[in-house]
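What follows is a single structure, written as structure tokens, with notes after it.
The values are calculated or read from the model by the stated rules, or taken from the named source; none is laboratory data. Because the structure is a prediction, the values reported are computed rather than measured. Cβ coordinates were reconstructed from backbone atoms using ideal geometry, including for glycine residues, and neighbour counts include every protein chain displayed. All accessible areas refer to the heavy atoms of the entire protein, side chains included, with ligands and DNA or RNA removed. Shrake-Rupley method; radii C 1.70, N 1.55, O 1.52, S 1.80 Å.
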Amino acid sequence: MASLDIQRKAIDAMTIMNVAVTNIRLYPPTSAIIRNTVNRVYQIILDILKKESSVIFAESGKSYVICGQMFSEQDQFRFPQARAFLDLLSKCGIKSLSFERRIGKPELKSFLKMISRTPEEIDAAGGLPALIKGEKFPNIIIDHKVYVVVDHEQQIFASLDIQDEEIVRHVVGEDDLPEEDREKLRELAKDPKWVNQVFQAGMAYITNMK
């Protein structure tokens, strides 16, 4: 799990990325304002990647996970630009985003240019998957399975549209899941760590059953 200091740097990166997206929409591509904001984001991401293998932002239920830490409602209120960046990802249909160690500045700038497009522009280009495929982001992973730290209020994993309680109810035989979701679970079940987390969540669920 990343430290709170790492998460704070990631929040700073989100804040500046949100500013960068606004600047990309307002100024010419060669503007020094755009260049400076992209440079600032890039330096923060590189600083995080000195200690972490990746910088991850993800949805978790109705909340967000930033570098393995929950992005609390209090912090969302304190850092509205960071929350606005996450909302922008959500509007683009991006449930999780990971910047990897070999990311370069041109790749980061291309990604920010992509998400700065309006929904109409994205649709006209064939949708977000087509844009992502066309741009080729080798060090930016979108909608990959993201595992998060677990406590009694958190999700076992983010980026999949299955809630923990649904999984547990399915495992204990109280509910059923669509075949598509069952296939996802079969794949996840190959991970012993994930299975152990589900078991613990299941025991807590059964204990609290009335």
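Do you know which of the residues in the range 84-111 that are part of a loop (DSSP other than H, G, I, E, B) and of a type in the set (A, V, I, L, M) is nearest to LYS133 (Cα to Cα)? Only one residue tops the list, namely ILE94. Please determine, by comparing only the residues of the range 90-120 that are more than 13 Å from VAL55 (Cβ to Cβ) and in contact with a strand residue (DSSP E or B) (Cβ under 6 Å, 6 or more places away or on another chain), which one is most open to solvent (accessible area, probe 1.4 Å). Selected residue: LYS95. Inspection of the range 116-128 identifies at least one residue that is within 17 Å of MET14 (Cα to Cα) and in contact (Cβ under 8 Å) with a residue 60 or more places away in the chain.
Taken together, the residues in the range 55-70 that are closer than 21 Å to GLY104 by Cα and in a loop (DSSP other than H, G, I, E, B) amount to 1.
Filtering the range 58-89 to residues that are surrounded by 18 or more Cβ atoms within 10 Å (Cβ to Cβ) and among the aromatic types (Phe, Trp, Tyr) leaves TYR64, PHE71, PHE79, PHE85. Close Cβ contacts (under 8 Å, 6 or more residues apart or on different chains) running from residues in the range 3-27 that are more than 17 Å from PRO80 (Cβ to Cβ) and in contact (Cβ under 8 Å) with a residue 24 or more places away in the chain to residues that are in a helix (DSSP H, G or I) and of a type in the set (Lys, Arg) comprise ILE24/LYS113.
Out of the residues in the range 1-42 that are among the polar types (S, T, N, Q) and not in a helix (DSSP H, G or I), state the one that is surrounded by the fewest Cβ atoms within 10 Å (Cβ to Cβ). Only one residue fits best here, namely THR30. Any residue at all in the range 44-54 that's under 19 Å from ARG78 (Cβ atoms) and part of a helix (DSSP H, G or I)? Looking for residues that are under 19 Å from ARG78 (Cβ atoms) and part of a helix (DSSP H, G or I), one finds at least one in the range 44-54, hence yes.
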